[in-house]
Amino acid sequence: MTQQLFQPRRALGRTGFRATQLGIGDVADRRLPLAQLVATVRRALDAGLNLVDTAPGYEQGYSEEIVGQALQGRRDQVFVIDKIDHAEQPVLPQIEASLKRLQMDHTDLFVFHNLSTLEAWSALTSPGGGMEQLAQAVQTGKTRFMGISSHHPAVLAAAIPSGLLDVVMFPVGPYVDWQYIEDILPLAHKHHVGTVCFKAFGAGKLLGDTSGYNQPLQDRPRGKLSSGGEAADTPLLPRLSVQQCLHYTLTCDPDVTLLGLSFPNEQDAAFAAAQTFTQPLAQAQMAAIRQLAVEAIANKGPCWWNPVEKH
């Protein structure tokens, strides 16, 4: 059994749930057997992590099945986040389908997934719209709290003061739009809205040569020619370490930093980095990591979580 490394740190906004600084993100991969993925989630739970995130769109419901099995016998100890993938469609049937895959009678939080335009937020809050339907699900015990995930600071700036949300999910890390950190995090704290943040590793772009989520780069720069005239295999692209990414994100201080950790070695690297975080980084250190992130993410395709490319 994995050594318990983490203890609950503070309340997640006004939910009152005391969450660990790291959360368990999507671990679904249909190339891997269900039992292996369930064991991976349980290994993170054994380390003490007590918040898990899933969505029906993650491998067509496979993620929800994994989370449901992994939490059997542990449900009361864990804050479960699920998502409503289609904000424009009736909410209750989506919730019922997710709960069936989870084998649960309720989640702790349902969020509208990737709500990233002001028009979508306006529609969601219109009479009879998605927020009203989600509130009915809270009243009937299908979930306890409501929220959104978003890839646009303007949407979050409009949504957080509304009083409708208990938790918001958005990007925080070395390469994100500055508004997420300088504006949205303080705004959420002011309104007692919990923050569960992702993109600490920039969808993997900051750690390796990928266009995101382990997808290979189509055009990767090569090293210099060897003495024999062959192209060297060593990529020219720079990268950050897990520790740099995680220490930067933890210095920004969201309530929870959500990590998608699909394998034990990935978990161990993240857990070790978190354990060495003893104090916030100095401003000069943060600036240096931001500059390295700009270099590491260059030529790796669009960063869809940054509507305004300013850092």
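Bear in mind that the values in this text are calculations on the coordinates, not laboratory data. Worth saying up front: this structure is predicted, and the values here are computed from it rather than measured. Here Cβ is always computed from backbone atoms with ideal geometry, including for glycine, and neighbour counts include all displayed protein chains.
List of remarks:
- Region 2-98: relative contact order in percent, alpha carbon pairs under 8 Å with at least 6 residues between: 27 percent
- Farthest toward positive dipole pole in region 1-69 [+1 Lys/Arg, -1 Asp/Glu at C-beta], among I24, S63, L12: L12
- Shape summary: region 117-207 maps onto an equivalent ellipsoid whose semi-axes, from the alpha-carbon gyration tensor, are 25, 14, 13 Å in decreasing order.
- 3J(HN,Hα) from dihedral phi, region 245-257, Karplus parametrisation 6.51/-1.76/1.60, rounded to Hz, x for glycine, proline: 4, 6, 5, 4, 5, 5, 5, 5, 6, x, 4, 9, 9
- Site-free segments of the chain were taken between chymotrypsin sites (Phe, Trp or Tyr not before Pro) in DSSP loops having at most 14 other Cβ atoms within 10 Å, sites themselves excluded; the longest one is 1-212.
- Amide H contacts under 5 Å for G23, placed H, 5+ residues apart: T257, L258, L259
- On Cα atoms only, tilt of 91-102 relative to the major axis of the chain in degrees: 70 degrees
- Cα-Cα separations in region 97-145 greater than 16 Å, expressed as whole percent: 45 percent
- Label zone at Q285, where the point sits 7 Å out along the Cα-to-Cβ direction: region 248-272 residues whose backbone N lies under 15 Å: 248-253
- Put in order of Cβ neighbour count within 10 Å, fewest first, the listed residues V172, V242, V67, V308 become V308, V242, V172, V67.
- Farthest toward positive dipole pole in the chain [+1 Lys/Arg, -1 Asp/Glu at C-beta], among Y175, H113, A39: A39
- ³J(HN,Hα), Karplus 6.51/-1.76/1.60, whole Hz, each residue of region 57-67, x for Gly, Pro: x, 7, 6, 6, x, 4, 4, 5, 5, 4, 4
- Only lysine pairs 8 or more places apart, or on different chains, with alpha-carbon atoms under 17 angstrom apart are counted in the chain, and they number 7.
- Put simply, the amide H of F79, placed in the peptide plane, has neighbours under 5 Å in L51, V52, leaving out anything fewer than 5 places away on its chain.
- Neighbour counts of C-beta atoms inside 10 Å place H192, H247, H106, H86 in the sequence H192, H86, H106, H247, starting with the fewest.
- G194 long-range amide H proximity, modeled H, under 5 Å: G13, R14, T15, V167, V168
- Inter-label distance, D76 to A298: 5.5 nm, where each label sits 7 Å from its Cα along the C-beta direction.
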